[in-house]
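Take a look at the structure below.
The values are calculated or read from the model by the stated rules, or taken from the named source; none is laboratory data. Please read all numbers here as calculations on a predicted model, not as lab measurements. With ideal geometry, Cβ positions are generated from the backbone for all residues, glycine too; neighbour counts draw on all protein chains shown. All accessible areas refer to the heavy atoms of the entire protein, side chains included, with ligands and DNA or RNA removed. Shrake-Rupley method; radii C 1.70, N 1.55, O 1.52, S 1.80 Å.
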Amino acid sequence: MKNWKSYPWIVVGLLWVVALLNYLDRQMLSTMQQNIAADIAALNNAEAFGALMAIFLWVYGIASPFSGAVADRVSRKWLIVGSLGVWSAVTLAMGYATELNELMVLRGIMGISEALYIPSALSLIADYFTGAGRSLAVGLHMTGLYCGQALGGFGSLVATTWSWQATFHWFGIIGIAYAAVLIFLLHEKEGHSAPARTQGTAPKQSESVARSLAAVFSTAAFWVILFFFASSSIPGWATKNWLPTLFRDNLSLPMEWAGPLATLTIALSSFIGVMVGGPISDRWVKRNVRGRIYTSAIGLAMMIPALVLIGLATNAWLSVLAGLCFGIGYGMFDANNMPILCQFVSSRRRAMAYGFMNSLGVIMGAITTQLLGALTESMPLGYCFAIMGGILLLALALQLLVLHPTHDDADDAERALAIQEEI
């Protein structure tokens, strides 16, 4: 199978399911709060629930750079299989929890295991798609995350129909079974972690982690990418973890309906954003090397007014419209993060670089998630969403002013430089 011409797209399909489970297993807790709180009373406190959601993000954020560095040097296939198996086992175990401390420990373990996945998966897809189709492939994979987020929104409905314990048990079992399937179907890209070679030269020695870090962080463009990725993560995580609560409060809906409405609105519109933004980016970059950056910027620009309207609207139609605008913009932005990184960072450093991006983005998400839990005691949650729009203005300006790639792939830029030096 790995020799089939279509195998790169099969990889995207295989990893799409993993991405769905990645977000489903972490997200359904946010809508099952009331169901679990009936048995674990501590979760009735908004600040305690915010801390439970945030501990996953803190651990995930701290682990991400290390997982990226590992993914650049070992088989990404086995990192993906192993991480899926572990977080699925944790999901299964959460169904047996009887107190808040047990859930906190399990969410921390889930943070470590899930941190191994995204840098490995995105760098693997980027290696299979060199140039044409890269934004679309990355974007299609990201739709798995959106679908997992959307299905997670039904957690309260499923838990009400059966029980929250059974919900955790069955999704954990499904993930463990799928990890076994991947052992046979998923294959590493040939040449991964091999010493780099330039045209007409002998292979170079593998880089140390310290040298890779120095090369990545000495690039001004990477600092800008870090900033706009982290800035967008603030409203990104806020919508994942608190939008169901905001819809419940602003629209006076029960959580059984507010959860699906919030998650489906964002997930479906983000899917549309990917399907629009991916092909636009792939075509635009053929005419202008900044095409991916412009496509991403359009997405950011759409998110800014949408956040204000999401926060302040009290009408269901306006809230859904704002959510659709935010999701489309987020999808266009999300589909181009790894492709833009590929324009400035070579393939042998991409997983580590994305690991740092993921780390900072998730840490900002952890701070936001926990802060919103505390702020809801003293101010309307909607005001917080409106304020987030202002943060994205600075990110948008820096993205357009600073990022000027010379090639669509940094490997091509390195080869061109090496040839010039030899001449």
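The table for this structure:
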| quantity | calculated |
| --- | --- |
| Helical segments meeting 15 Å axial Cα length and Kyte-Doolittle 1.6 threshold in the chain (DSSP H) | 291-312, 381-402 |
| Near-label residues of region 341-359 by backbone N, under 15 Å of a point 7 Å along Cα→Cβ of residue 208 | none |
| Choice from 150, 48, 137 showing the highest fluctuation, given a GNM over the chain with Cα pairs closer than 10 Å | 48 |
| Neighbour count of at most 13 Cβ within 10 Å plus DSSP loop: longest GluC sites (Glu not before Pro)-free window in the chain | 191-376 |
| Contour excess over end-to-end distance, with Cα ends at residue 419 and residue 39 and 0.36 nm allotted per residue | 130.2 nm |
| Calculated FRET value between residue 130 and residue 62, using beta carbons and R₀ = 25 Å, to 0.05 | 0.20 |
| Heavy-atom accessible area ranking, 1.4 Å probe, most first, across 286, 2 | 286, 2 |
| Rounded accessible area of residue 298 (nearest 10 Å², 1.4 Å probe) | 70 |
| Most fluctuating residue given options 13, 329, 108, as computed from a GNM of the chain linking Cα atoms under 10 Å | 13 |
| Share of alpha-carbon pairs per 10 Å distance bin for region 250-301, given as whole % | 23, 35, 21, 15, 6 |
| Which of 96, 178, 141, positive extreme of dipole for region 66-202 (C-beta unit charges) | 141 |
| Count of Lys pairs (Cα-Cα under 22 Å; at least 8 positions apart or interchain) in the chain | 6 |
| Spin-label pair residue 170/residue 75, simplified geometry with 7 Å Cα→Cβ offset, distance in nm | 3.3 |
| Probe 1.4 Å, accessible area per residue of the chain, Å² | 39 |
| Contour minus Cα-Cα distance for residue 162 and residue 3 (0.36 nm per residue) | 52.8 nm |
| Helical mean residue ellipticity (222 nm; -39500 (n - 2.57) per DSSP H run of 4+; nearest 500) of the chain | -27000 deg cm²/dmol |
| For the chain, built as a Gaussian network whose Cα springs stay under 10 Å, the top-fluctuating residue of 412, 249, 25 | 412 |
